[in-house]
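Presented below is the structure to which this report refers.
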Amino acid sequence: MISTKNRKILQYSLAFIVIVVLIAMPDVVMGLLFELVHFFFELLFIAFEWVESTLDKLIEHLFHTELHETQVIVFYVLVGIVLLPLYYLWRMLKRLFLRLKESLPATFSLYKNRTTLFWQDLSLVGKIKLIAITVVAIYLASFLFM
């Protein structure tokens with residue numbers, strides 16, 4: 001069992017290592033991320049092809065159709081399979097948007113008040129530190145995205 005103190009040291013060490021790797025080798029990190037995304041899409045494509053091929057064989061066997069009719073039926077079945085979840089997603093997003101529209105002004109006001117109070121409670125040295133850390137972080141981040 002790792003103590004709380006050692007766990008915090010481990011977390012901060014890992015965060016520091018990740019930050020150093022991101023700054024030192026952004027091209028390697030981005031290449032790895034792109035390869036992982038490409039691998040994920042390849043798996044999705046293979047799964048789609050498997051589903052399509054299975055539907056082709058199933059429909060051809062059940063309805064004794066030719067190639068063209070089978071492809072048309074499979075196309076419309078796949079369109080239906082895709083459109084039904086999209087419809088439910090649209091309904092859910094519409095409700096979520098309305099809920100966010102109602103709660104956003106209050107949330108914005110709350111965070112604005114918190115930020116204002118935090119800034120007012122800082123000493124002059126704390127304000128300078130916060131500005132310096134923000135400027136350095138933006139400067140270092142500019143190396144990642146250029």
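The values are calculated or read from the model by the stated rules, or taken from the named source; none is laboratory data. Here the structure is a predicted model, which means the values were calculated and not measured. For neighbour counting, all protein chains shown are included, and Cβ atoms are generated from backbone atoms with ideal geometry for every residue, glycine included. Quick note on the areas: whole protein, heavy atoms, side chains included, nothing else; ligands and nucleic acids left out. Shrake-Rupley method; radii C 1.70, N 1.55, O 1.52, S 1.80 Å.
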* Asked: Tell me, which residue of region 117-146 that is more than 24 Å from I19 (Cβ to Cβ) and over 33 Å from the mean Cα position of the chain (by Cα) is surrounded by the most Cβ atoms within 10 Å (Cβ to Cβ)?
  -> L122
* Structure fact -> Of the residues in region 65-82 that are open to solvent by 100 Å² or more (accessible area, probe 1.4 Å) and in a helix (DSSP H, G or I), the one that is nearest to L55 (Cα to Cα) is F75
* Structure fact -> All-but-one check, N6 against (1) of a type outside the set (G, A, S); (2) within 25 Å of L144 (Cα to Cα); (3) without any contact (Cβ under 8 Å) to a residue 60 or more places away in the chain, failing number (2)
* To do: For region 25-48, state whether one or more residues are among the charged types (D, E, K, R) and either surrounded by 10 or more Cβ atoms within 10 Å (Cβ to Cβ) or in contact with a helix residue (DSSP H, G or I) (Cβ under 9 Å, 6 or more places away or on another chain) (or both).
  => yes
* Asked: Taking region 99-112 on its own, how many of its residues are open to solvent by less than 100 Å² (accessible area, probe 1.4 Å) and under 22 Å from the mean Cα position of the chain (by Cα)?
  -> 1
